[in-house]
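Q: Below is one structure. I have some questions about it.
The values are calculated or read from the model by the stated rules, or taken from the named source; none is laboratory data. This structure is a prediction, so every number in the text was calculated from the model and none was measured. Cβ: placed from backbone, ideal geometry, glycine included. Neighbour counts: every protein chain shown.
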Amino acid sequence: MTELAHIRNFSIVAHIDHGKSTLADRLIQSTGTVQDREMKEQMLDAMDIERERGITIKANTVRIDYTADDGQAYVLNLIDTPGHVDFAYEVSRSMRAVEGSLLVVDSSQGVEAQTLANVYQAIDADHEIVPVLNKIDLPAADCDRVAEQIEDVIGIDASGAIRVSAKTGVGIHETLEAIVKYLPAPTGTREAPLKAMLVDSWYDAYLGVIVLVRIMDGVLKKNDRIRMMQNGSVHQVDRIGVFRPAMAEIDELGPGEIGFLTASIKQVRDTRVGDTITHEKKGCEQPLPGFKPSQPVVFCGLFPADASEFEDLRQAIERLALNDASFSYEMETSAALGFGFRCGFLGLLHLEVIRDRIEREYGIDLITTAPSVVYHIHMRDGQMTELHNPADMPDLTHVSHVEEPRIKATILVPDDYLGDVLKLCQDRRGIQMDLTYVGGRAMVVYDLPLNEVVFDFYDRLKSVTKGYASFDYQLTEYRQDHLVKMSVLVNDEPVDALSMMVHRDRAEARGRVMVEKLKDLIPRHMFKIPIQAAIGGKVVARETLSAMRKDVTAKCYGGDVSRKKKLLEKQKKGKKKMRQFGRVEIPQEAFISALKMDD
Amino acid sequence: MAEDWRNAGFALYVHWPFCQAKCPYCDFNSHVTRQIDQSRWAAAYLCEIGRVAAETPGRVLNSIFFGGGTPSLMQPDTVATVIEAARAHWPFANDIEISLEANPSSVEAGRFAGYRDAGVNRISMGIQALNDADLRRLGRLHTVAEARAAFDIARSCFDRVSFDLIYARQEQSLQDWQNELGQALTMAIDHLSLYQLSIEDGTAFGDRYKAGGLRGLPTDDLSADMYQLTQDICADHGLPAYEVSNHARPGAESRHNLIYWRYGDYAGIGPGAHGRLTLGGQRFATESYRMPGAWLEAVNSGSGENLRNAISRQDQAEEYLMMGLRLRSGLDIDRYHELSRQELNPARRHSLIELGMINDSGSHITVSDRGMIVLNSVIAELLSV
């Protein structure tokens, strides 16, 4: 139990690659929290995928003991938040659990869109913000310019920004001092009923669900009986502790402290991020504000490449869902792909992470169908249904109108590429909301349909701006538009997994791109194959894949039989990666690649 | 029930693993060495023939084939020793075919009479191209003039002389090939092997191809056109294709190769040689040590064989189908069923017939002209489950 005055809780706000993890590593290391020999790169990113992609998916926390220059011992709690837009809600909860932020900006790059999104979250949470200019060791570093940019764009005073090289260690001490000096201590009352925020939770095979909490008021002790205020469930706490960053048990957590509890909770689903934890008896009356149940935004089908692996896939998905309340799934049957699951995700990154984990950790080859957003289908009888899968689009005669989710996208881009970015946004049915200049770069704000963004917008943006643009978005509203289902027919057979919702005005163009792509993706067969895109009965685009001309081994004698046999076996294996539609075999990657748009 | 191999016969393949130079397209087991002790090699072949013959006593031998490498680097005495050893162990068929692959250089042509005297009755010459620029590109050591001279010597020594050409070469146009094939047909007697150049992994061409070199190879469309043209012209000249790349006057087919394609038994001796042998009612795939030195040593210690795998009935059926469909005469359906004990997928058969790829007489499946050029796909379709 630490005096409130000696606690500082903070998070780090940064754009990807601006050095957040390295800075966190340095803070941990310089205070002796971790022995040098135990130190590994990006200490806080636990999963391989997090390390590999340089992103944070789960909130992580570390408690740092620090004796400041004033001679006092402080406890610094760092919450490392997910930085990606997919996890905006999780970020907002983490932000509410701390009182201040370090705003880390790469001094050679400047402010990026993601920095903005996250710093606004910090401002919303009333954080005290300490600007940190990182990577000052780089030759391209321009601290004055970037400090000015922070003032211009974000509107906070950056005159005292700390100049740091997390790589060389310069400025780390100053950063620690600034945390103590400028960030406020938490408030809270020890005598009040327990009120703790559930910041994040994850599943551990040995301990069950581990719950990361921030105590607002009261005291949490071992063996306490606690209640989750949103779902009313009651649990007995069997462990309390903090992360240093390894788990270390302690006896109690008091106001202002951040730590973990375990309570033999079996499913992460029973622990909702943002929920308020109190005691079963004499609990607090009001939960903390701002709780939102998680809402999947993007859906896609996951099918085993090898149909015999369906049960393995089911197990993998169930186990991943145990640890991820924001990931939803239901069984799906596709004429083309057989049995699989329709899964809901917070966004594309979330989708990719889950898909990668299934493939890597469970060794299952997957076919992933095109991501789709959730449409609101308003029926003529006044009912509204949510459409998760374009293949399920009801008969048009019963449909009154369709609404789609829109987003507000913020893009920061060097002037040279502005034209390309505007064109990209216009092509994607965007409506320009704002265009301003921020220290030599343009900041464009667009109102865009999410369905134009979920697939490859980010790839396209990176490509047209040679990687110089940064992008972030937030969901705004559902809006009616002229949306239709486009189906694809290969050799006159409809391929349900390739159906998509498109804007009517864009149907011809999308259909054209799609059939041309498929023509390249489907290998030649012994016969010619018509490939068509259609809306209802009307064909909007058509290509013909001509028949294979030559596929024969010139020489095959006695010594070649075994070799040819092996080749045939390989071919058979390759066929497992293909899906049969009538007489046509379509390679799995076609289901994703066909929908990419190389405008 | 007679053993399956008896449908096609029994052959002996002798692999001579040495060449004067490695050709950049060739992925056969060949090595370039300065010193070769031919008597030591002859002795080793003798041992191997003795070993295999002890397992296949009393079989009538339908063919012997000296392949390589470059078997025309063998001394005629070495060839004679091998043929005599075979004769001592197996009764020869009356019409036994004894073939030897030869390079068309003047030095080698000097040995042709010796081969004839040793018992060889058919020569297969690796002429490969009828223009000097392409011969150089293919890494061949001979010129067109030398090849023609060697071919004439071969004709004077043997009734049966075949030669190979490689087409679909770099920068070769349809017209170029048509002209060259026309010249070839004026030389040809009754048998011709015409292979499209294929780029194999592990060859110099393979490496260059991967590195982005080897420009001017024909597109699939052009090589398909070349193949079709070859079929038409050869048929017009009375040398129809009896196999994917082999053309002969009816009756002049290579009996040895027919044993492979009809899925007979064959003993393979020499470095890297493969065999198919039915022993005690079970068919085996055999393979010999690949490196010449290792093979010689292994033979000294009793056997050059380093692999002998029993082949399941299903695999035998598949091998028979893969080989049999290469022939115009096609696949004997009863024989296939006898081997696999499963019916050949009727739906796939039907769909291939509809597409005009195969003909199904009820007793035989034959591949049509259209089907032959995409034979790998036809086979994959028939065998895929």
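Q: Output the qualifying pairs, or none if there are none: Cβ atoms under 8 angstrom, residues six or more apart or on different chains, first residue in the range B:279-294 and farther than 21 Å from A:Y557 by Cα and touching a residue at least 12 places away in the same chain (Cβ under 8 Å), second residue among the small types (G, A, S) and assigned to a strand (DSSP E or B).
A: B:Q282/B:A310
Q: Looking only at the range B:204-248, which residues are among the hydroxyl-bearing types (S, T, Y), over 22 Å from the mean Cα position of the chain (by Cα) and more than 10 Å from every other protein chain (Cβ to nearest Cβ)?
A: B:Y209
Q: Kindly establish whether B:D201 is within 14 Å of chain A (Cβ to nearest Cβ), surrounded by fewer than 16 Cβ atoms within 10 Å (Cβ to Cβ) and either part of a loop (DSSP other than H, G, I, E, B) or of a type in the set (F, W, Y) (or both).
A: Values: within 14 Å of chain A (Cβ to nearest Cβ): yes; surrounded by fewer than 16 Cβ atoms within 10 Å (Cβ to Cβ): yes; either part of a loop (DSSP other than H, G, I, E, B) or of a type in the set (F, W, Y) (or both): yes.
In short, yes.
Q: Would you tally the residues in the range A:524-560 being of a type in the set (V, I, T) and touching a helix residue (DSSP H, G or I) at 6+ places or on another chain (Cβ under 7 Å)? Let's see the steps before the verdict.
A: First, the residues of the range A:524-560 that are of a type in the set (V, I, T): A:529, A:531, A:535, A:539-540, A:544, A:552-553.
Pick out the ones that are also touching a helix residue (DSSP H, G or I) at 6+ places or on another chain (Cβ under 7 Å) and you get A:531, A:535, A:540, A:552-553.
Residues meeting the conditions: 5.
Q: Here is a check on your reading of the model: is B:E338 under 30 Å from B:G280 (Cβ atoms) and of a type in the set (D, E)? If you could, list the steps in order and put the result at the bottom.
A: Working: under 30 Å from B:G280 (Cβ atoms): yes; of a type in the set (D, E): yes.
Yes, satisfied.
Q: Could you please let me know if A:G290 is crowded, with 19+ Cβ neighbours inside 10 Å, in contact with a Gly (Cβ under 9 Å, 6 or more places away or on another chain) and not hydrophobic (A, V, I, L, M, F, W, C)? Give the steps one after another, and end with the answer.
A: Details: crowded, with 19+ Cβ neighbours inside 10 Å: no; in contact with a Gly (Cβ under 9 Å, 6 or more places away or on another chain): yes; not hydrophobic (A, V, I, L, M, F, W, C): yes.
So A:G290 fails the test.
Q: Which one is surrounded by the fewest Cβ atoms within 10 Å (Cβ to Cβ) among residues in the range A:409-444 that are modelled with pLDDT of 90 or more and part of a loop (DSSP other than H, G, I, E, B)?
A: Restricting to residues being modelled with pLDDT of 90 or more and part of a loop (DSSP other than H, G, I, E, B), the top hit is A:R429.
Q: In this structure, does A:F581 turn out to be aromatic (F, W, Y), more than 7 Å from every other protein chain (Cβ to nearest Cβ), touching a residue at least 60 places away in the same chain (Cβ under 8 Å) and in contact with a helix residue (DSSP H, G or I) (Cβ under 6 Å, 6 or more places away or on another chain)? Even if it seems obvious, please write down each step before you answer.
A: Values: aromatic (F, W, Y): yes; more than 7 Å from every other protein chain (Cβ to nearest Cβ): yes; touching a residue at least 60 places away in the same chain (Cβ under 8 Å): yes; in contact with a helix residue (DSSP H, G or I) (Cβ under 6 Å, 6 or more places away or on another chain): no.
So A:F581 does not fit the description; no.
Q: In this structure, does A:L78 turn out to be within 22 Å of A:R214 (Cβ to Cβ), modelled with pLDDT of 85 or more and buried (at least 20 other Cβ atoms within 10 Å of the Cβ)? Can you show your working first?
A: Numbers: within 22 Å of A:R214 (Cβ to Cβ): yes; modelled with pLDDT of 85 or more: yes; buried (at least 20 other Cβ atoms within 10 Å of the Cβ): yes.
Here the answer is yes, as A:L78 does meet what is asked.
Q: Which one of B:F18, B:F65, B:F10 is closer than 24 Å to B:R137 by Cβ and either away from chain A (no Cβ under 14 Å) or not small (G, A, S) (or both)?
A: Numbers: B:F65 fails: closer than 24 Å to B:R137 by Cβ; B:F10 fails: closer than 24 Å to B:R137 by Cβ.
Answer to the check: B:F18.
Q: If I ask for residues that are among the aromatic types (F, W, Y), closer than 17 Å to A:Q580 by Cα and touching a residue at least 60 places away in the same chain (Cβ under 8 Å), which ones from the range A:287-339 would you list? Walk me through it before giving the result.
A: Step one: of the range A:287-339, the residues among the aromatic types (F, W, Y) are A:291, A:299, A:303, A:310, A:327, A:329, A:339.
Narrowing the set further to residues that are closer than 17 Å to A:Q580 by Cα leaves A:303, A:339.
Within the range A:287-339, just A:F303 meets the criteria.
Q: Based on what the data block shows, is B:Q178 in contact with a helix residue (DSSP H, G or I) (Cβ under 8 Å, 6 or more places away or on another chain), outside any helix (DSSP H, G or I) and within 21 Å of B:A241 (Cβ to Cβ)?
A: Answer is no for this residue.
Q: In the set A:L302, A:L313, A:L322, which member is at pLDDT below 85 and not assigned by TED's automatic domain parsing to the domain that holds A:E589?
A: Working: A:L302 fails: at pLDDT below 85; A:L313 fails: at pLDDT below 85.
From the options A:L302, A:L313, A:L322, the qualifying one is A:L322.
Q: Could you pull out every one of the strands (runs of 3 or more DSSP E) wholly within the range A:72-148 that has 1 or more residues that are under 22 Å from A:L351 (Cα atoms)?
A: Details: elements: A:73-80, A:100-106, A:128-134.
It comes to A:73-80.
Q: Give me the pairs: first residue in the range A:539-565 and more than 7 Å from chain B (Cβ to nearest Cβ), second residue of a type in the set (S, T, N, Q) and crowded, with 21+ Cβ neighbours inside 10 Å, beta-carbon distance under 6 Å, and six or more apart or on different chains, which are they?
A: Taking only residues 6 or more apart or on different chains, the pairs are A:V539/A:Q532; A:R542/A:Q532.
Q: Cβ-Cβ below 9 Å, separation at least six or inter-chain, first residue in the range B:8-35 and under 30 Å from B:Y336 (Cβ atoms) and assigned by TED's automatic domain parsing to the domain that holds B:A204, second of a type in the set (D, E, K, R) and surrounded by fewer than 16 Cβ atoms within 10 Å (Cβ to Cβ): which pairs?
A: Within 9 Å, the pairs are B:D27/B:E200; B:D27/B:D201.
Q: Among B:R148, B:R215, which is the only one that is at pLDDT 95 or above and of a type in the set (K, R)? Please lay out each step first, then the result.
A: On the way: B:R215 fails: at pLDDT 95 or above.
Going through B:R148, B:R215 in turn, the sole match is B:R148.
Q: Next question. Keeping to the range B:126-185, report how many residues are crowded, with 19+ Cβ neighbours inside 10 Å and among the hydroxyl-bearing types (S, T, Y).
A: Final tally of qualifying residues: 2.
Q: Within the range B:301-317, how many residues turn out to be closer than 17 Å to A:R563 by Cα and either out of contact with any Lys or Arg (no Cβ under 8 Å at 6 or more places or on another chain) or outside any loop (DSSP other than H, G, I, E, B) (or both)? Explain how you work it out, then say what you get.
A: Step one: list which residues in the range B:301-317 are closer than 17 Å to A:R563 by Cα, which gives B:306-312, B:314-317.
With either out of contact with any Lys or Arg (no Cβ under 8 Å at 6 or more places or on another chain) or outside any loop (DSSP other than H, G, I, E, B) (or both) added as a condition, the list becomes B:306-310, B:312, B:314-317.
Result for the range B:301-317: 10.
Q: Out of all the residues in the range A:445-461, which are at pLDDT below 80 and of a type in the set (D, E, K, R)?
A: A:D456, A:D459 - these are the residues of the range A:445-461 that are at pLDDT below 80 and of a type in the set (D, E, K, R).
Q: Please enumerate the residues belonging to the range B:62-98 that are touching a strand residue (DSSP E or B) at 6+ places or on another chain (Cβ under 7 Å) and assigned to a helix (DSSP H, G or I).
A: Answer for the range B:62-98, where residues must be touching a strand residue (DSSP E or B) at 6+ places or on another chain (Cβ under 7 Å) and assigned to a helix (DSSP H, G or I): B:P71, B:S72, B:L73, B:V79, B:V82, B:I83, B:A86.
Q: Of all residues in the range B:365-384, how many are at the interface with chain A (Cβ under 8 Å from one of its Cβ atoms) and not in a helix (DSSP H, G or I)?
A: The number of residues fulfilling the criteria is 3.
Q: List, please: which pairs have Cβ atoms under 8 Å, are six or more places apart or on different chains, and start with a residue in the range A:520-532 that is away from chain B (no Cβ under 12 Å) and in contact (Cβ under 8 Å) with a residue 60 or more places away in the chain and end with one that is among the acidic types (D, E) and assigned to a strand (DSSP E or B)?
A: Going by the 8 Å Cβ cut-off, the qualifying pairs are A:I522/A:E585.
Q: Within the range B:342-355, work out how many residues are more than 9 Å from chain A (Cβ to nearest Cβ), surrounded by 13 or more Cβ atoms within 10 Å (Cβ to Cβ) and in a loop (DSSP other than H, G, I, E, B).
A: 2
Q: Shifting gears a bit: Give the residues of the range B:216-255 that are over 27 Å from B:L61 (Cβ atoms) and among the aromatic types (F, W, Y), sorted by residue number.
A: Quick first cut of the range B:216-255, residues over 27 Å from B:L61 (Cβ atoms) only: B:216-241.
Hit for the range B:216-255 is B:Y227, nothing else.
Q: Tell me yes or no: at least one residue of the range A:170-180 is in a loop (DSSP other than H, G, I, E, B), farther than 16 Å from A:P131 by Cβ and modelled with pLDDT under 95.
A: For the range A:170-180, residues in a loop (DSSP other than H, G, I, E, B), farther than 16 Å from A:P131 by Cβ and modelled with pLDDT under 95: absent.
Q: Can you pull out the residues in the range A:380-398 that are in contact with a strand residue (DSSP E or B) (Cβ under 6 Å, 6 or more places away or on another chain) and free of Cβ contacts under 8 Å to residues at least 40 places away in the same chain?
A: Of everything in the range A:380-398, those that are in contact with a strand residue (DSSP E or B) (Cβ under 6 Å, 6 or more places away or on another chain) and free of Cβ contacts under 8 Å to residues at least 40 places away in the same chain turn out to be A:R380, A:M384, A:T385, A:H398.
Q: Next up: For B:G362, are the conditions met, namely being outside any helix (DSSP H, G or I) and among the small types (G, A, S)?
A: Values: outside any helix (DSSP H, G or I): yes; among the small types (G, A, S): yes.
Spelling it out, B:G362 is indeed outside any helix (DSSP H, G or I) and among the small types (G, A, S).
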